[in-house]
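The structure under discussion appears below in the form of structure tokens.
The values are calculated or read from the model by the stated rules, or taken from the named source; none is laboratory data. Bear in mind that the values here come from a model prediction, so they are computed numbers and not experimental data. Don't worry about glycine lacking a Cβ; one is built from the backbone with ideal geometry, like all the others, and counts go over all protein chains shown. Accessible surface is based on the protein model in full, side chains and every heavy atom, while ligands, DNA and RNA are left aside. Shrake-Rupley method; radii C 1.70, N 1.55, O 1.52, S 1.80 Å.
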Amino acid sequence: MNFDRLKEKLEILADAAKYDVSCSSSGGSRKNKKGALGDSSASGICHTYTEDGRCVSLLKVLLTNHCIYDCAYCVSRSSNDIKRAAFTVEEVVDLTINFYRRNYIEGLFLSSGIFKNADTTMERLVRVAKKLRLEENFNGYIHLKSIPGASDLLMQEAALYADRLSINIEIPTESGLKLLAPEKNREDMLNPMKYIQSGITQYKEEKKIFRKVPKFAPAGQSTQMIVGATNENDLQIIKVADHFYKNYNLKRVYYSGYVPVLEDTRLPALTTAVPMLRENRLYQSDWLMRFYGFKADEILDPHMPFLDLEVDPKLSWALRHLDQFPINLQSADYQMILRIPGIGVKTAKKIVSARRFQVLTIENLQKLGAAVNRAKYFIDFNAGNVFLRHLTDLNLKKLLIGGSTSKFQDQFSQQLTLF
Amino acid sequence: MTILLYDGSFDGLFTAIFEVFEYKFKDVEIISRERFHQENIFAEIHEVITQEAKSERVLNKLEENIGKSGIHELVKVFLSEEPDLEQIILSAVKQSIQYPKENILQNYADQDILRIAKICKSVSRERHRMTAFVRFEKMQDEVFFAKIDPDFNVLPLIRKHFKDRYQDQKWMIYDLRRNYGLLYDLKTCDFFYPEEKIDLNKYQQKFHDEEKNYQTLWQRYFFKTNIVERKNLKLHIQHVPKRYWKYLTEKNW
């Protein structure tokens, strides 16, 4: 193996793959067969973190950055003058196995530029997974990026060897996609997803009857949207995510703040800052939908299509619905306790079990792990709560922002420090 | 005041706890021989001889009361190497004997129990980090070797994890601070305790021919997968505290 060439390829193809956000190794478990390599559990492990703070769990690379498409937002687009490279199947397998043996990674995340056509590309990705599983007896995690337009037959095979499959829908709106990726169409992205979804459902049915059914994409599907490359609003993004959770049973939707890397009149200028705070708010909204029982149109509505950057979406909702507060901790149901700003899922559960033994005070609440500096304005303790007089205060929002320090505070003050 | 001196082992500690009940000692302190410096000259010294039968009787009784998971929590406290670990564990055992029907480990209002919960959280965090941050280096003798230096003595807690994961390669994890390690030789996976400190510098020069190449590949990968425009060092350090850096391949180049 030519080490220098391999190193060069790895640099090019890791660099090109880094904008894909998904890197989790969770959701599937694969036990080591006796004497083989690898064992993955549902919780996953992050083996290191890059200097931008993202976790590294998988070897995330492209098979090749040669691409026949010319999507404006993508560094690998055909019209971009960059170094091109392609791994052989053997090279990817070798890197995965050797990194895994040294405990650098939990497995492989393999994506690719599209060469020749969808099926040729997909077939090559599947071949890597197949070789890892069948020839190397590898039980680590494999995430394959499905290629839009890939045939059902290839998707079927992919699902047998990979743990997770995903297709990035990239641009949240159809019109945005037309503008930035005129050669792609939404249907080509959705069809493989639909196929996998029905396969997973079928697997679950069969599993009830037969004990031994081959695993079928056990860690499910995910997708990703680029935020801030086109002028879609947050409401549209949240609606799209909601649609995927409801109709495709997706495990995760990822949001990727657009990093301006290309000069193009259709895109934000190169000097535009990465919308990190907006991305963060979108993730918070995503959590509200998946774990807090919020519906998409409760978080935002057409009168308010953008998320408040100053406060998190749950607090924002509470401030718009003061009529629903204060909430009595002794009597309110779990779903409502979850809606109190500063109280998360774990704390809400602890509250519901602890209140059976005693009447909870603000001190108890603090010990149970609530962010009392926010929660105290929204709770009616039986003993009375002095902070409640602020609930109708016009300045409640200011009071709340003043009582906490945001990790994004720098971003608010940036303009001032310029002068 | 009675001071019970034990050999520092887990069974030794539980033998001592058994004898606290057996001899109805009231005012006691359990100390491992290694850490014992006589300060209290009026204290009575009681030498404990480790007896598995006694230790097991305490542990069996405890398991009835607080379950396997409860025992596991006490093991974590033991491995935390906190200076007062004997006192906290004794306190938990006493409470459990007094209230056998309840899982006293959930009584977070009690100071000692809250300590146990906190220690368990720290030890579990360290355990998890050691499953993530161990970096193996392939040696000429085909053994994948890793050095660790965890704050808590978590090697016994990660044995199963690595045993399940790497069954077709020989590997060794060595705790530098405590001078002992784990060795898997394709058949068995056991602890070993070298008589003298291993001369690591000598051992480390015997890298397998391919080792440096894969280390370089990993370092380059780590560098290239970073998005410069999103730099966030504070978050980075929060996730990978600096004390681990010297053992991380990607941090040393």
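Who wins for biggest fluctuation among B:GLU126, B:GLU63, B:GLU195 in a Gaussian network model of chain B, springs between alpha carbons below 10 Å?
Top of the fluctuation ranking is B:GLU195.
Say each of A:GLN358 and A:ASN117 gets a label point 7 Å from the Cα, pointing the same way as Cα to Cβ; how far apart are those two points in nm?
With each label point 7 Å from Cα toward Cβ, the separation is 7.2 nm.
Could you please put A:VAL61, A:VAL21 in sequence from largest to smallest accessible area, using a 1.4 Å probe?
Ranked from most to least accessible, the order is A:VAL21, A:VAL61.
Just how far, in whole angstrom, is segment B:70-89 from segment A:208-270 if you go by their alpha carbon centroids?
Using only Cα atoms, the two centres lie 45 Å from each other.
Would you kindly enumerate the cysteines in the protein assembly as shown that have no other Cys beta-carbon under 4.7 Å from their beta-carbon?
A:CYS23, A:CYS67, B:CYS120, B:CYS189
Ignoring solvent entirely, what values of log10 I(q)/I(0) come out of the Debye formula for chain B at 0.13 Å⁻¹ when each Cα is a single scatterer?
Cα-only, vacuum Debye calculation for chain B: -0.95.
Which value at 222 nm does chain A reach when only helices count, each DSSP H run of 4 or more adding -39,500 (n - 2.57), with the total divided by all residues and rounded to the nearest 500 deg cm²/dmol?
-12000 deg cm²/dmol
Per-residue accessible area for A:ILE12 at 1.4 Å probe radius, Å² rounded to 10?
So the heavy atoms of A:ILE12 present about 30 Å² to solvent.
Suppose we take every Cα in segment A:133-288 and form the convex hull; what volume per residue is that in Å³?
That works out to 143 Å³ per residue.
Which value in deg cm²/dmol, rounded to the nearest 500, describes the helix-derived mean residue ellipticity at 222 nm for chain B, given -39,500 (n - 2.57) per DSSP H run of n ≥ 4 and division by the residue count?
Estimated from H runs of four or more residues: -14500 deg cm²/dmol.
Quick check: the distance between the Cα centres of segment A:344-388 and segment A:62-93, to the nearest angstrom?
Taking the Cα centre of segment A:62-93 as reference, the centre of segment A:344-388 is 53 Å away.
Could you report the accessible area of A:TRP317 in Å², rounded to 10, computed with a 1.4 Å probe on the protein chains as they sit in the structure?
10 Å²
Order A:LYS207, B:LYS197 by their accessible area, 1.4 angstrom probe, all chains in place, largest first.
Sorted descending by solvent-accessible area, the residues read B:LYS197, A:LYS207.
Can you give the accessible area per residue of segment A:209-248, in Å², using a 1.4 Å probe?
Roughly 44 Å² per residue, with all protein chains present.
How much of the pair distance distribution for segment A:295-396 lies past 20 Å, counting alpha-carbon pairs only, in percent?
Value for segment A:295-396: 37 percent of Cα pairs lie more than 20 Å apart.
In degrees between 0 and 90, to the nearest 10, how far off the longest principal axis of chain B does helix B:111-133 point, with axes built from Cα atoms?
20 degrees
Considering only Cα-Cα distances, which of the following residue pairs are longer than 21 Å: B:LYS231/B:LYS251; A:LYS295/A:LYS398; A:LYS178/A:LYS295; B:LYS138/B:LYS251?
Over 21 Å Cα-Cα: A:LYS295/A:LYS398; A:LYS178/A:LYS295.
Would you tell me the mean number of C-beta atoms belonging to other protein chains that fall within 10 Å of each C-beta in A:35-48, as a whole number?
Going residue by residue through A:35-48 and averaging, the value is 5.
Heavy-atom accessible area per residue, segment A:1-66, 1.4 Å probe: how many Å²?
34 Å²
Taking the inverse of the average 1/r across all pairs of different Cα atoms in the protein assembly as shown, what Kirkwood radius in Å do you get?
Averaging 1/r across every pair of different Cα atoms and inverting gives 28.4 Å.
Would you please state which residues of segment A:107-124 a label at A:ILE82 would reach in this model, taking the label point 7 Å out along Cα→Cβ and a backbone N cut-off of under 13 Å?
A:112-114
How much of B:TYR180 can a 1.4 Å solvent probe reach, expressed as accessible area in Å² and rounded to 10?
For B:TYR180, the solvent-accessible surface is approximately 20 Å².
Give the angle, between 0 and 90 degrees and rounded to the nearest 10, that separates the Cα long axis of helix B:85-98 from the longest principal axis of the Cα atoms of chain B.
It is inclined by approximately 50 degrees.
What share of all Cα pairs of segment B:171-234, in percent, falls into each consecutive 5 Å distance bin?
For segment B:171-234, the binned pair fractions read 4, 12, 14, 15, 15, 13, 11, 9, 4, 1, 0 percent.
Over its Cα atoms, what ratio of radius of gyration to 2.2 N^0.38 Å does segment B:88-214 give?
1.38
Accessible area per residue for segment B:119-253 in Å², computed with a 1.4 Å probe and the full protein assembly in place, what is it?
50 Å²
If you take the accessible area of B alone, add that of A alone, and subtract the area of the pair, what total do you get in Å², probe 1.4 Å, to the nearest 100?
Adding both sides of the contact gives about 4400 Å².
Given C-alpha coordinates of segment A:55-176, what is the ratio Rg to Rh with the Kirkwood estimate of Rh?
Dividing the radius of gyration by the Kirkwood radius yields 0.97.
Count, for each residue of A:98-111, the Cβ atoms from other chains sitting within 10 Å of its Cβ, then give me the mean as a whole number.
Mean partner shielding for this stretch: 5.
So which residues of segment A:271-287 lose at least 50 Å² of accessible area, probe 1.4 Å, when you go from the chain by itself to every protein chain present?
A:MET276
Among the lysines, which fall within straight-line cross-link reach of B:LYS61, defined as a Cα-Cα distance under 21 Å, with same-chain neighbours fewer than 8 residues apart omitted?
Hits, sequence-local ones excluded: B:LYS24, B:LYS26, B:LYS76, B:LYS94, B:LYS101.
Residues of B:164-176, mean number of Cβ from any other protein chain within 10 Å of their own Cβ, rounded to a whole number?
4
For segment A:266-315, what is the convex hull (Cα atoms) projected area averaged across all directions, in square nanometres?
Result: 4.6 nm².
Which order do A:LYS184, A:LYS33 take when ranked by solvent-accessible area (1.4 Å probe, heavy atoms of all protein chains), largest first?
Sorted by accessible area, descending: A:LYS33, A:LYS184.
Quick one: with all protein chains in place, what share of the accessible area of chain B is carbon or sulfur, to the nearest percent (1.4 Å probe)?
50 percent
If you count the DSSP beta bridges with both ends in the protein assembly as shown, what percent of them are antiparallel, to the nearest 5?
The antiparallel proportion sits near 30 percent.
I'd like the carbon and sulfur percentage of the solvent accessible area for segment A:43-138, probe radius 1.4 Å, heavy atoms only, ligands and nucleic acids excluded.
Exposed carbon and sulfur together represent 47 percent of the surface.
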